[in-house]
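Novice: Got a structure for you, written out below as structure tokens; questions coming shortly.
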Amino acid sequence: MPRQFVIGDIHGFYHHLMALFETVSFDYRKDLLISLGDVVDHGPQPAAVIEELRKIRNFIHVMGNHDEWCYQYLKFGHAPEDWITQGGQVTIDAYKEKPELTTTHLHFFENSRLYYIDAKSRLFVHAGFDYKISFEKQMQDKKILQWTRTMVGDACNYHRRGLIFPQFREIFIGHTPTQFMGETLPVHVSNVWMLDTGITLGGKLTMMNIATKEYWQSGNAASVEKTDTPTAIT
């Protein structure tokens, strides 16, 4: 039976991605992979990451804020200083080295989504959403879906009160590194799963089986650790 995986922010760390694929024996033709966004910037091989993800038949990419910056650069040549100083220069250099990838990678981003909701009412979104506003009213709001960090604080508050976000069965986010909460493991608060385990901050790249919550992490040497005990904040 095909498996379903979700992966946190990859940020150009191609060898870490490949180590995870090898460890789980990822099937490019049968398995599903959902990326929570930010596949580029910081790491040394952002273009190679996209080339690898393009090989997957059942692949869903949720657009992150770094992906949006990259898309705007590939489409219009926009390169704001904020992007350049936050890992964008390595991505610019990658496309200067291989300009022939520009068109296909534009298509990659144009086929991405701001969010994905599966048949089991599980939401996959880069940063989160504002629970005080109906989700329908923010479905196209890039500023919220790609940038917000308030969902993490809201989830911690809900968790302490024994509450969940009723809009969805489960919510999977990246964007906010779990190091901000003192962890390099995935964090489960309320019904939110945080999967950006801070590969850019000396942390790890995390890939999780959506159904079982078993997950694997690639560390700084691209070695892989496996565990099935996510961290719950109390």
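The values are calculated or read from the model by the stated rules, or taken from the named source; none is laboratory data. Computed from a predicted structure; not experimentally measured. Note that each Cβ is placed from the backbone with ideal geometry, even for glycine, and that neighbours are counted across all protein chains shown. For the accessible areas, the whole protein counts, side chains as well, though only heavy atoms, and no ligand, DNA or RNA atoms are used. Shrake-Rupley method; radii C 1.70, N 1.55, O 1.52, S 1.80 Å.
Novice: Filter the cross-link list LYS142/LYS213; LYS120/LYS204; LYS75/LYS120; LYS30/LYS120; LYS98/LYS204 down to pairs whose alpha-carbon distance in this structure exceeds 30 Å.
Specialist: Cα-Cα > 30 Å for LYS75/LYS120; rest within.
Novice: Output the peptides 98-108, 16-26 sorted from most to least packed, where packing is the average of other Cβ atoms within 10 Å over each peptide's residues.
Specialist: 16-26, 98-108
Novice: Normalised by the residues of the chain, what does the relative contact order come to in percent, with Cα pairs under 8 Å and at least six apart?
Specialist: On the way: 501 pairs, mean separation 49.3, N = 234.
For the chain, the relative contact order is 21 percent.
Novice: What's the Kirkwood radius of segment 89-208 in Å, using all Cα pairs?
Specialist: Numbers: mean 1/r = 0.0633 Å⁻¹.
That comes to 15.8 Å for segment 89-208.
Novice: Can you work out ³J(HN,Hα) from phi for every residue in segment 84-94, in order, using Karplus 6.51 cos²θ - 1.76 cosθ + 1.60 and θ = phi - 60°, giving whole Hz and x for Gly and Pro?
Specialist: Listing the rounded values in order: 4, 7, 10, x, x, 4, 5, 6, 4, 4, 4 Hz.
Novice: Stick to the Cα atoms of the chain, pair each with every other, and give me the Kirkwood hydrodynamic radius in Å at one decimal.
Specialist: 17.7 Å
Novice: Within the accessible area of the chain, what % is carbon and sulfur when the probe is 1.4 Å and the other protein chains stay in place?
Specialist: After summing per-atom areas, the C and S share lands at 50 percent.
Novice: Sticking to Cα atoms, compute the Rg of segment 158-206 to one decimal and its Dmax as the biggest Cα-Cα distance, whole number, in Å.
Specialist: Reported Rg and Dmax, both Å: 11.5, 34.
Novice: Let me check against my output: what whole-number percent is the relative contact order of segment 73-140, with C-alpha pairs under 8 Å and at least 6 apart?
Specialist: Reported relative contact order: 19 percent.
Novice: May I pose another question? What percentage of all Cα-Cα pairs in segment 70-124 are separated by more than 12 Å?
Specialist: 70 percent
Novice: Along the positive direction of the dipole of the chain (beta-carbon charges: Lys, Arg +1; Asp, Glu -1; about the Cα centre), which of PRO44, HIS175, TYR95 reaches farthest?
Specialist: It is HIS175.
Novice: Against the longest alpha carbon principal axis of the chain, how many degrees, from 0 to 90 and to the nearest 10, is the axis of helix 14-24 turned?
Specialist: On a 0 to 90 degree scale, this one is about 50.
Novice: Here's another thing I want to ask about it. In whole angstrom, note down how far apart the Cα centers of segment 57-114 and segment 157-177 are.
Specialist: Comparing the Cα centres of segment 57-114 and segment 157-177, I get a distance of 29 Å.
Novice: Report ILE164's accessible area, 1.4 Å probe, all protein chains in place, as a number in Å² to the nearest 10.
Specialist: 100 Å²
Novice: Moving on to the next point. How much area per residue is accessible in the chain when the probe is 1.4 Å and only protein heavy atoms are counted (Å²)? Walk me through the numbers on the way to the answer.
Specialist: Details: 10470 Å² over 234 residues.
Per-residue accessible area for the chain comes out at 45 Å².
Novice: I'd like the Karplus ³J(HN,Hα) series for segment 34-40: coefficients 6.51, -1.76, 1.60, θ = phi - 60°, whole numbers in Hz, and an x wherever there's a Gly or Pro.
Specialist: 10, 9, 7, x, 6, 7, 10
Novice: As a test of the formula, what do you get for the chain when each DSSP H run with n ≥ 4 contributes -39,500 (n - 2.57) and the sum is divided by the residue count, at 222 nm and rounded to the nearest 500 deg cm²/dmol? Provide the component values of the computation, followed by the final result.
Specialist: On the way: 7 runs with 64 residues, N = 234.
The helix contribution divided over the chain gives -8000 deg cm²/dmol.
Novice: Once you treat every alpha carbon in segment 1-44 as an equal point and sum by Debye, what is log10 I(q)/I(0) at q = 0.15, 0.17, 0.31 Å⁻¹?
Specialist: -0.38, -0.48, -1.16
Novice: If you fit an axis through the alpha-carbon atoms of helix 150-160 and take the longest principal axis of the Cα set of the chain, what angle between them do you get, 0 to 90°, nearest 10?
Specialist: For helix 150-160, the angle is close to 30 degrees.
Novice: Output ³J(HN,Hα) for segment 166-180: one whole-Hz value per residue in order, computed from phi by the Karplus curve 6.51 cos²θ - 1.76 cosθ + 1.60 with θ = phi - 60°, and x for Gly and Pro.
Specialist: Those phi angles translate into x, 5, 9, 5, 9, 10, 10, 10, x, 6, 9, x, 5, 4, 4 Hz.
Novice: Sorted from largest down, give the three principal axis spans of the alpha carbons of segment 1-126, whole angstrom values.
Specialist: 44, 29, 23
Novice: If you average the sequence gap of Cα pairs under 8 Å that are 6 or more apart and divide by the length of segment 6-85, what percent do you get for the contact order?
Specialist: About 32 percent, as a whole number.
Novice: Calculate the FRET efficiency for THR103 and GLU22 from the Cβ-Cβ distance with a Förster distance of 25 Å, rounded to the nearest 0.05.
Specialist: 0.25
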